[in-house]
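Asker: Take this structure, written in structure tokens, and hold onto it; I'll ask about it next.
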Amino acid sequence: MVNVFRQPAWRNIALFSVLAMMLSLWIVVLNRGDEMANFILHNHILPRMGMAILAGMASALASALLQNIMRNPLASDGTLAVGAGAQTALLLITVFAPAYLAWGGAIWAFVGAILALLAVLYLAAGREWRPLAVVLAGMVMSLYLGAISGAMTLFFSEETRGIMLWGSGSLLQDSWHDSLQLLWRLSLVAVASAILLKPLAAMALGDEQAAALGIPVQTVRLLVLVLVAFLIANVVSMVGMMGFTGLAAATLANQSSTRRLPEKLIAAAIYGGLLLLFTDNILVLLKHYFGWDLPAGAVSALLGAPLLLWLMGNHAPAHVQTATSQTFALPKKSLLLKTLPLIWIMSVVAALIVHQDEQGWFISSDVFLLQLNHSRVILVMACGAMLATSGVVLQRLTGNAMASPELLGISSAVAMGVTVALMVFDVALGSGTFYAIGVVSAWLALLLLLGLNRHKAFSPESIMLTGVALAALSDSVLRVLSASGDLRVQQLLVWLSGSSYGATPVLAWSMLALSMILMVMIGAFSRSLALLGLGGVVAQSAGVNVARTRGILLILTASLTAGATLLMGALSFVGLLAPHLAVLLGARGVAQQLGVSALLGASVMVLADAVGRQLLFPYELPAGLVSTLMGGAYFLYLMRRMNGR
């Protein structure tokens, strides 16, 4: 096969430009005619094309800059929580202060984006804005704001529907005003980036090397973070979230034979503009001929994710160093770590005997109430432990602090499979067919993941990017279906948020048994996992069959993730943060981190489910949302505590 994307970037850019221009001319011809048609062309169609190019370029430039300073192939325009901040701010204003929307939604989106950035920078300030600190702060803030948005969406579904549709990304324009505003802001960032090219190129080699060359590393990193956030905030406030466009374009630039940083940044920006223009042109034609009105941000992932999957299957992954050499571990074991087993037992007991009704809170060991609650407690405990264990394996296996069960794409594939089954084929939620489709989806995703990465010995970078592409594809399908306004989306949101309402004794005990078996099997690979964390070469020299061990661990991790996702939805917190909490509390070796993370995951999920069931009685909050709010807040507290040391 011709190695198309390893050629000089300008050849591919020329080809994509021709395709995008052909579609653009087609649209222009369709809209030429009388005076009204010309008015629409000049004030709606052409500004929309201009906004597509500018928004795509801005997203791609932001992602490329972040990947350079973070030395991480997964860094993108969503890393700094700016998009999540914009959406949360709009939701809060819409629900609690709708009168202020008269000032313009873009203003509030920009304010929310900037506040989210300031929070991330504050959390990472004590660590001098090092890559791992910024990545973790951004990921936690995104999850935290996402949980707030999810809770508001569940309770105020009608009021927030428009904001959720906006979040899918819309390039509709009624003049050249927004396009011109974005143009001068993008130009400003481009000039600033050009000034910083020399220190950025040095920082790509590592902080120590850059500092030895006299580069003010902290200052440059902070400036780039501010520039990136400024770009993303403007794009999000004007057209909504176009998240996957930036990552896809930056990956395309990395896959080309281009090696110099200036050329990479320019190639990424052009790729981003062309990708979004091409996508939006297709949407315009679909609406013209078939009447389909689909969100550009979601559909860009439908086109970009398969492209990224193809790249992962046929080309080497981007050679970008993962930023994981730093650690926030405490110098000694904390008191919480020593008492964790007791905390786990107390959380289970409290979840079983503490209740609330219309009369208030009470404690009861009534057999009926125990029978009513014990299945849910066992199920969430097993799922929390499974996802936490998966997170440890993935972070150790890939050497990336951003790794989580969602990274494999397995949970996303399960969500996509059951979403399509529910929305298209009207399969009942919780039925036997529902579970069967979820299992099949999980294994298809695993086979795809293994097939695309087998000839690369399951290289961590390739695995991560493949999982991100699968996750983006799933998310885009969900957002496209959500744009239809179907009321069944509300059922999906509850399930996706991690609710345990469907627990039965058979399911709960089966899941507990499965979790114990799989976790014991993973524990047997503790030594190999520790060596793999030092790199494939070191592990190979120590006698580890790298490809086979990685493949087995991926299968075990995928099984843990699929089981937990299928029964409780796509939980988005425990698997990412429980491993970091374990290290923060003083867990050292792999075996200890596995055990501590499992207990943390189980305890957090049990408490989250109990709080979600009882706090707002008779209403319930899904355990996934509550665990994010609870665990995320504690993680942020610990992170600031470590920063202050």
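The values are calculated or read from the model by the stated rules, or taken from the named source; none is laboratory data. Everything numeric here is computed off the predicted structure, so don't read it as measured data. For neighbour counting, all protein chains shown are included, and Cβ atoms are generated from backbone atoms with ideal geometry for every residue, glycine included.
Asker: Could you give me the residue pairs with C-beta distances under 7 Å whose first residue belongs to the stretch 265-294 and is farther than 19 Å from L19 by Cα, whose second residue is surrounded by fewer than 24 Cβ atoms within 10 Å (Cβ to Cβ) and of a type in the set (V, I, T) wherever it lies, and which are 6+ apart or on separate chains?
Answerer: L294/V480
Asker: Is there a residue in the stretch 88-95 that is at pLDDT 80 or above, over 20 Å from I232 (Cα atoms) and outside any helix (DSSP H, G or I)?
Answerer: Checked the stretch 88-95: no residue is at pLDDT 80 or above, over 20 Å from I232 (Cα atoms) and outside any helix (DSSP H, G or I).
Asker: Tell me which residues, restricted to the stretch 281-301, are modelled with pLDDT under 75, in a helix (DSSP H, G or I) and not hydroxyl-bearing (S, T, Y).
Answerer: Passing the criteria: A296, G297, A298, V299, A301.
Asker: Identify the residue in the stretch 321-366 that is part of a loop (DSSP other than H, G, I, E, B) and of a type in the set (D, E, K, R) and, among all such residues, is modelled with the lowest pLDDT. Before you say what the answer is, go through the steps one by one.
Answerer: Going through the stretch 321-366, the residues part of a loop (DSSP other than H, G, I, E, B) turn out to be 321-334, 339, 358-359, 364-366.
Imposing the further condition that a residue be of a type in the set (D, E, K, R) reduces the set to 332-333, 358, 366.
On the way: K332: 57, K333: 61, E358: 77, D366: 79.
Across the stretch 321-366, the extreme among qualifying residues is K332.
Asker: Now a separate question. Would you say I353 is more than 30 Å from L532 (Cβ to Cβ) and either surrounded by fewer than 24 Cβ atoms within 10 Å (Cβ to Cβ) or hydrophobic (A, V, I, L, M, F, W, C) (or both)?
Answerer: Working: more than 30 Å from L532 (Cβ to Cβ): yes; either surrounded by fewer than 24 Cβ atoms within 10 Å (Cβ to Cβ) or hydrophobic (A, V, I, L, M, F, W, C) (or both): yes.
For I353, the condition - more than 30 Å from L532 (Cβ to Cβ) and either surrounded by fewer than 24 Cβ atoms within 10 Å (Cβ to Cβ) or hydrophobic (A, V, I, L, M, F, W, C) (or both) - is met.
Asker: Can I ask one more? For the stretch 381-407, give me the residue count where each residue is at pLDDT below 80 and under 16 Å from G569 (Cβ atoms). Show your work before the answer.
Answerer: Narrowing the stretch 381-407 to residues at pLDDT below 80: 398-407.
From what's left, under 16 Å from G569 (Cβ atoms): 404-406.
The total comes to 3.
Asker: Also, I was wondering about something else. Take the residues in the stretch 490-504 that are buried (at least 20 other Cβ atoms within 10 Å of the Cβ) and in a loop (DSSP other than H, G, I, E, B); name whichever of them is nearest to the chain's Cα centre (by Cα).
Answerer: Going through the qualifying residues, I end up with S497.
Asker: Another question, if that's okay. Among the residues of the stretch 180-205, count how many are over 28 Å from the mean Cα position of the chain (by Cα), buried (at least 17 other Cβ atoms within 10 Å of the Cβ) and hydroxyl-bearing (S, T, Y).
Answerer: Qualifying residue count, the stretch 180-205: 0.
Asker: Hey, P199 hits all of (1) in contact with a Pro (Cβ under 9 Å, 6 or more places away or on another chain); (2) free of Cβ contacts under 8 Å to residues at least 60 places away in the same chain; (3) closer than 16 Å to A62 by Cα but one; which does it fall short on?
Answerer: (3)
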